[in-house]
1. How much of the pair distance distribution for the range 245-501 lies past 24 Å, counting alpha-carbon pairs only, in percent?
2. If one computes the Cα centroid of the range 300-366 and of the range 164-204, what distance in Å separates the two points?
3. Ignoring ligands, DNA and RNA, please state the percent of accessible area on the range 6-221 from carbon and sulfur, probe 1.4 Å.
4. By the scheme Lys and Arg +1, Asp and Glu -1, what is the net charge of all other residues having a beta-carbon under 9 Å from that of residue 384?
5. Starting from the residue with the highest accessible area, list 104, 488 in decreasing order, probe 1.4 Å.
6. Pull up the cross-link candidates among the lysines for residue 321, meaning alpha carbon to alpha carbon under 19 Å and not fewer than 8 places away within one chain.
7. So what's Rg/Rh here for the chain, counting alpha carbon atoms and using the Kirkwood radius for Rh?
8. Mind ranking 197-210, 155-168 by how tightly packed they are, going by the mean number of other C-beta atoms within 10 angstrom, highest first?
Amino acid sequence: MRLVTSNEIKMLDQRAIKDFGINSLILMERAGISTIEVMWNEFKNLEKYSYAVFCGPGNNGGDGLVIARELLNYTEAVKVILMSEKLTSEATTNLNIFKSLGGEVIKLSDDNILEVVDIIKSSDIIIDAIFGVGLSKNVVGIYAEIINFINLYSNYTVSVDIPSGISADTGKILGTAIRSDLTVTFEFPKIGHILFPGREFSGKLKVVKIGIPKVLQDLNPCDKILLTKDYFNIPKRFKESNKGTYGKVVIIGGSKDYIGAPVLSSIAAIRSGAGKVLLFSTEKSATVALNHELGIIPIAISKDYFDKSHINLILPYIDEKTSVVIGPGIGRNPSTEEFIVELLKSINSPAVIDADAIYLLRNHKNILSEKKNIIITPHPGELSNFLELDIDSVKYNYKLVKETAEKYNLLLVLKDVTTIISDGEKIFFNVTGNTSLSKGGSGDILSGLIGGFLAQSSNVLESSLAAVYILGIASELYEYEGYNLITEILNNIPKVIAEVKE
Ligand SMILES: NC(=O)C1=CN([C@@H]2O[C@H](COP(=O)(O)OP(=O)(O)OC[C@H]3O[C@@H](n4cnc5c(N)ncnc54)[C@H](O)[C@@H]3O)[C@@H](O)[C@H]2O)[C@@H](O)CC1
Ligand SMILES: [K+]
């Protein structure tokens, strides 16, 4: 599904109005009525509840006035709190209709804040129609006070379009923001619903259509996409096949410091359906690998850290079709840096660069740029190291992810609660997964899964999308969120693959 910024949705709204003559009051009407429909689906008998509708100065407030008017058809227990003297013309039209129906309007001022706080406390449902995608600066003053009171005392909050105070473009809080239970957004989710903290502040997110013509959407192609299983294929299985059909993965990792990481990667590669998985590692990792999965072919070549002398031992096993995973548990020894640089120069296969291998390549970005089919899978700390930027400017920075992918000719997977993936053209946002992945080993599983799919398809984008999406769902299947062994997530992968394939 397409994701939009505030400018993109405003442009679509404006073109619907100007180019196709769709009256903006009609769009507002549909926004309001669709919100009521979602509420009906959530709560059923809307007549049982009392409502306070907080309306801001823009068209978000106008949507609130349509909602308030429609609620009058269920109950008299509806109060509108107008937060601004100035309203848009569409909002004014709807305010007049609400008033003509006998609706109760309270104009917020410094003098009646305590009365309004009592209304917040005594209403069953608060409708937040304060700011939508038109929020343009930090929320301060009486607006901020009311938002904080709503967060403190509301029994249940429904946000219209986006929780007021959340930036639709970044998900960041501008000053202060409503913590919603339910958000009803129009036509497409906004970036702010998908990135934290906006993702959390939105509560349950529902997307409804309000009549932006499809032809208009098609004329304006999108580059930001919410990842679903529609965007990738899982490599096929053939009745007549053998291990050669499903490709070879070479995993290079492990060191004196880390033993289990490359083993997790190797098992994940097997779980992806790959035909053959070779693990180049230390003696210890090789032993551990065989203790866990006899299908791995471990080749112990390094004693503590990799160095240049190991390259010739690995090269005979790699051809252009081999999928190579470099980095799980590889450590940061200076000899390893030289090893990775020289190894990459000598191969032409698709490769996943993970963990400390990313760190060690920070001064060799040109090597990555010159190669085709390279995937790097940093978390924000690793990307901040790689790009020498502070972590705050890297986290959830989807523009940076796209620019970096394009600049260095990479497929970049920025791992986080919302993972961002870009090939330099499109930007995918993944929201599957939970805190069962917030522990050591999940990154190793991801790189192995990507490598495994890559061995079967050689499509860097689809392999990465599939792995990220599937690993997320595999974590959601674990019954006791967060208290899993990382290997238990590995064991859920086949079930998820089967479901995704359906
Ligand atoms: N025709 C349209 O454009 C449609 C708009 N719709 C609704 O309208 C919203 C967008 O409407 P608008 O563009 O009018 O914008 P908003 O209603 O989001 O808010 C903009 C208003 O808030 C003020 N403002 C912004 N930041 C502020 C701050 N920090 N403190 C105080 N005031 C601040 C602005 O000066 C402006 O008056 C959407 O989110 C959606 O809910 C829907 O009705 C569908 C159609
Ligand atoms: K809102």
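The values are calculated or read from the model by the stated rules, or taken from the named source; none is laboratory data. Predicted model only: the values in this text are computed from it and were never measured. In this analysis, Cβ positions are derived from the backbone assuming ideal geometry, glycine residues included, and neighbour counts consider all displayed protein chains. Please note that ligands, DNA and RNA were not included when accessible areas were found on the heavy atoms of the full protein model with its side chains. Shrake-Rupley method; radii C 1.70, N 1.55, O 1.52, S 1.80 Å.
1. Counting every Cα pair in the range 245-501, those more than 24 Å apart make up 40 percent.
2. Cα centres, the range 300-366 to the range 164-204: 41 Å.
3. 50
4. Overall, the nearby charge balance is -3.
5. The most accessible residue leads, giving 104, 488.
6. 236, 243, 248, 276, 345, 371, 372
7. 1.07
8. So the peptides 197-210, 155-168, ranked by packing, come out 155-168, 197-210.
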